[in-house]
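Colleague: Okay, here's the structure, questions in a sec.
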């Protein structure tokens with residue numbers, strides 16, 4: 001039994017399933033995960049959900065500094081004691097979903113890396129928060145449910161292709177770093193996990209007139225998955241059908257196509273065509 005697992009057992013702490021507490025104690029696996037994250041000696045790291053600190057110590061050995069954010073107040077004294085030998089470690093107790101992350105990460109070197117074993121129940125909102133929060137990020141290395149990993153890596157026409165995949169691939173180069181079976185965790189979850197890497201892009205992969213408008217169209221395209229793109233535009237933007245047909249024609253797309261079949265570039269053309277049409281409609285005669 002690992003020393004970390006022994007500490008948890010001796011503390012008589014019970015795992016909180018409501019907080020998604022599933023810990024890894026295998027040091028060889030943890031060392032591999034940190035290596036796969038690409039974190040180096042010049043990098044500062046925001047670690048979300050250190051849990052028992054089993055990965056934290058490996059991060060501290062690899063990185064310049066590690067700031068860990070832990071929600072469960074019961075784990076704070078254990079983490080403080082376990083990490084006392086590392087002078088490049090700091091700990092913040094709180095909910096990452098409500099913390100002012102810009103303020104909390106101000107002391108970290110820019111850009112910084114994020115490493116997280118994300119509770120399944122906040123996976124999508126947390127990824128959205130990190131990617132849209134204006135943080136100076138270098139990379140995200142995330143332990144997620146395998147199904148979520150498949151969504152992040154999905155391509156047009158695949159079942160997982162949707163707003164999460166498009167947002168992730170818009171902001172980063174996404175890769176599968178390692179599959180992690182359920183039996184690697186204590187307690188074992190009901191599903192397998194995957195460690196994914198998101199290397200933040202300097203620029204989005206395509207140019208658009210308006211990023212905000214682009215994502216409005218993306219969300220509209222998948223709000224009614226079984227509907228045609230023209231019908232999705234009508235429903236989301238209260239367009240008359242003739243207006244939606246003109247937008248699709250201007251974008252060079254069949255109005256009967258479904259949003260899930262469109263590439264990022266094709267969705268961008270729809271968004272740009274909408275903006276052109278709106279601009280023309282609002283111009284004085």
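Colleague: Sort 151, 227 so that the residue with the fewest other Cβ atoms within 10 Å of its own Cβ comes first and the one with the most comes last.
Modeller: Placing the least packed residue first, the sequence is 227, 151.
Colleague: Kindly provide the helix-only [θ] at 222 nm of the chain, computed as the sum of -39,500 (n - 2.57) over DSSP H runs of four or more divided by all residues, to the nearest 500 deg cm²/dmol? Each step should come with its number before you reach the end.
Modeller: On the way: 12 runs with 114 residues, N = 285.
Taking each H run of at least 4 residues, the total per residue is -11500 deg cm²/dmol.
Colleague: At what distance in nm do the modelled label points of residue 27 and residue 206 sit from each other, each positioned 7 Å from its Cα along Cα→Cβ?
Modeller: The modelled label-to-label distance comes out at 4.9 nm.
Colleague: Stokes-Einstein D for segment 97-224 at 25 °C, 0.890 mPa s, Kirkwood Rh over Cα pairs, in µm²/s?
Modeller: Once the numbers are plugged in, D ends up at 157 µm²/s.
Colleague: Suppose R0 equals 45 Å; then what is the FRET efficiency for residue 237 and residue 73 from their Cβ-Cβ distance, rounded to the nearest 0.05? Walk me through the numbers on the way to the answer.
Modeller: Values: r = 46 Å, r/R0 = 1.01.
Using R0 = 45 Å, I get an efficiency of 0.50.
Colleague: How would 212, 57 line up from fewest to most surrounding beta-carbon atoms within 10 angstrom?
Modeller: Going from least to most buried by this count: 212, 57.
Colleague: OK, next. Along Cα→Cβ, 7 Å out, is where each label goes; now give me the distance between the ones at residue 282 and residue 106 in nm to one decimal.
Modeller: So the two model labels end up 3.6 nm from each other.
Colleague: Just rank 211, 266, 202, fewest to most, by other beta-carbon atoms within 10 angstrom.
Modeller: Starting with the residue having the fewest Cβ neighbours, the order is 202, 211, 266.
Colleague: Which values, in whole Å and largest first, are the semi-axes of the equivalent ellipsoid of the chain obtained as the square root of 5 times each eigenvalue of the Cα gyration tensor?
Modeller: 42, 19, 15
Colleague: For residue 41 and residue 85, what is the calculated FRET efficiency with R₀ set at 25 Å and r taken between the beta-carbons, to the nearest 0.05?
Modeller: Efficiency computed from Cβ-Cβ geometry: 0.90.
Colleague: With r defined as the distance between the Cβ atoms of residue 216 and residue 99 and R0 fixed at 22 Å, what FRET efficiency is calculated, to the nearest 0.05?
Modeller: Values: r = 28 Å, r/R0 = 1.26.
Taking R0 as 22 Å, the efficiency between residue 216 and residue 99 is 0.20.
Colleague: Projected area of segment 156-233, taken from the Cα convex hull and averaged over every viewing direction, in nm²?
Modeller: Values: hull surface 28.8 nm².
Orientation-averaged projected area of the Cα hull: 7.2 nm².
Where a number appears in this text, it was derived from the coordinates with a stated rule and is not lab data. Predicted, not measured: the structure shown is a model, and the values here were computed from it. Note that each Cβ is placed from the backbone with ideal geometry, even for glycine, and that neighbours are counted across all protein chains shown.
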